[in-house]
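Report on the structure given below.
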Amino acid sequence: TAAFAAFLTDSGVRQGDLVAAFLPNSPHAIVAVLAALSIGAVWSSCSPDFGAASVADRFVQIKPKVLIAVDGYGYGGKQFDKRDTLRELCRLLPSVERVVFIPYLDAQAQPDGIPNAVFWDEIVNVRPASEIPELSFAPLPFAHPIWILYSSGTTGVPKAITHSHGGNLLEHLKYLHFHNDIRPGERFFWYSTTGWMMWNFTL
């Protein structure tokens, strides 16, 4: 997480800039969202089972600076290559300056035709641990945006909905403590993709 946060900073991502993800519910997504939030960037994600137009309908509104994406995903015993979708998505998102490419489906996959791409492993494994800055979280105002979620899109283009750091914290406290009565030592699980708000909620 510290290495990825350093990469984002080195890539010119600053507080308030948008980091978008086209990822499954994987360790990469957890690492990336924590890294983005640590420097005050704003997170937004879509699941790779979305098509290019569905993702673009969401991301084109927020103009992300960095896009993190996989080559594909597996579901129900089948594999789905999403590189064509990713190439189309890059064409539709001119604001993206860097693409972090994760060979998730095929370890040998290459980011052919994907501009300004860098491999995930080149970011998180390239530096000795002693050279990675210590992870720290920037102090932010209560109302600073934490992430952008979207309406379902059933009544037109999905509407972008911005959540704040402080509001998110209060919602977690209210829902987990009062609604679900979750106590220390207990476990909370929700099966979700990164395209649904419950993924954000389980963070």
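Tabulated values for the structure
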{"read-out": "Helices (runs of 4 or more DSSP H) wholly inside region 106-203 that include at least 3 residues being more than 29 Å from Tyr75 (Cα to Cα)", "value": "165-172"}
{"read-out": "Count - residues of region 97-145 that are farther than 22 Å from Val60 by Cβ, aromatic (Phe, Trp, Tyr) and buried (at least 17 other Cβ atoms within 10 Å of the Cβ)", "value": "2"}
{"read-out": "Enumeration of residues in region 7-45 that are open to solvent by 10 Å² or more (accessible area, probe 1.4 Å) and farther than 27 Å from Tyr191 by Cα", "value": "Phe7, Thr9, Asp10, Ser11, Gly12, Arg14, Gln15, Gly16, Asp17, Ile39"}
{"read-out": "Criterion violated by Phe80 - all others in (1) buried (at least 18 other Cβ atoms within 10 Å of the Cβ); (2) out of contact with any helix residue (DSSP H, G or I) (no Cβ under 8 Å at 6 or more places or on another chain); (3) of a type in the set (Phe, Trp, Tyr) satisfied", "value": "(1)"}
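The values are calculated or read from the model by the stated rules, or taken from the named source; none is laboratory data. Remember, predicted model here, so these are calculated numbers, not experimental data. A quick note on method: Cβ atoms are made from the backbone with ideal geometry, for glycine too, and the neighbour counts reach across all protein chains shown. Side chains are part of the model used for accessible areas, which takes the heavy atoms of the whole protein and leaves out ligands, DNA and RNA. Shrake-Rupley method; radii C 1.70, N 1.55, O 1.52, S 1.80 Å.
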